[in-house]
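To keep things clear, I will list the structure first and then write my remarks on it.
The values are calculated or read from the model by the stated rules, or taken from the named source; none is laboratory data. Being a predicted model, the structure only gives us computed values, none of them experimental. As a convention, Cβ positions derive from the backbone with ideal geometry for all residues, glycine included, and neighbour counts pool all protein chains shown. Side chains included, ligands, DNA and RNA excluded: accessible areas come from the protein's heavy atoms. Shrake-Rupley method; radii C 1.70, N 1.55, O 1.52, S 1.80 Å.
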Amino acid sequence: QVQLVESGGGLVQAGDSLRLSCAASGRTFSRNAMGWFRQAPGKERDFVAAINWSGGDTLYANSVKGRFTIFRDNVNSTVYPQMNSLKPEDTAVYYCAARTGGYASTWLSYNYWGQGTQVTVSS
């Protein structure tokens, strides 16, 4: 069983940076691939980024490539997205997710989810 708790969301201006955190409990964190997804009001949950168990391989949505960086700290069981050059269209609730095996870009592939943290980017 893995429990995930996101933090770090807030209100920022376009062009600003923000780093979210996802703290995981459970002994299997270092064996889990981790992903970040986001959901804006009235829209589907979209893939943002994912990272494999070691942190050596990552995947990004085209919409955030070059602006967001996902990384993890297996010692402290935490995964982060560093979000730079934020845009109003990045406004959404951001969710952290975990799955066994390799990373994936579809939300149905993930077994465990956090409660989400709101990110609002003003223009």
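Here is how the numbers come out for the structure above:
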{"read-out": "Selected residue (criterion: farthest from Gln115 (Cα to Cα)) from residues of the stretch 15-41 that are out of contact with any strand residue (DSSP E or B) (no Cβ under 6 Å at 6 or more places or on another chain) and modelled with pLDDT of 95 or more", "value": "Gly15"}
{"read-out": "Among (1) outside any strand (DSSP E or B); (2) within 25 Å of Gln1 (Cα to Cα); (3) open to solvent by less than 50 Å² (accessible area, probe 1.4 Å); (4) not acidic (Asp, Glu), the one test that Trp53 misses", "value": "(3)"}
{"read-out": "Yes/no for Leu86 being surrounded by fewer than 13 Cβ atoms within 10 Å (Cβ to Cβ) and either free of Cβ contacts under 8 Å to residues at least 40 places away in the same chain or among the aliphatic types (A, V, I, L, M) (or both)", "value": "no"}
{"read-out": "Among residues of the stretch 7-33, those that are within 14 Å of Gly55 (Cβ to Cβ) and charged (D, E, K, R), counted", "value": "1"}
{"read-out": "Check on Asn76, of a type outside the set (Asp, Glu) and either crowded, with 22+ Cβ neighbours inside 10 Å or modelled with pLDDT of 95 or more (or both)", "value": "no"}
{"read-out": "Of all residues in the stretch 89-108 being touching a residue at least 24 places away in the same chain (Cβ under 8 Å) and in a helix (DSSP H, G or I), the one that is least open to solvent (accessible area, probe 1.4 Å)", "value": "Asp90"}
{"read-out": "Those residues of the stretch 65-93 which are more than 27 Å from Arg27 (Cα to Cα), among the hydrophobic types (A, V, I, L, M, F, W, C) and over 13 Å from the mean Cα position of the chain (by Cα), in sequence order", "value": "Leu86"}
{"read-out": "Residue in the stretch 40-52 that is among the polar types (S, T, N, Q) and closer than 19 Å to Ser109 by Cα present", "value": "yes"}
{"read-out": "Within the stretch 7-48, tally of residues that are assigned to a strand (DSSP E or B) and open to solvent by less than 10 Å² (accessible area, probe 1.4 Å)", "value": "8"}
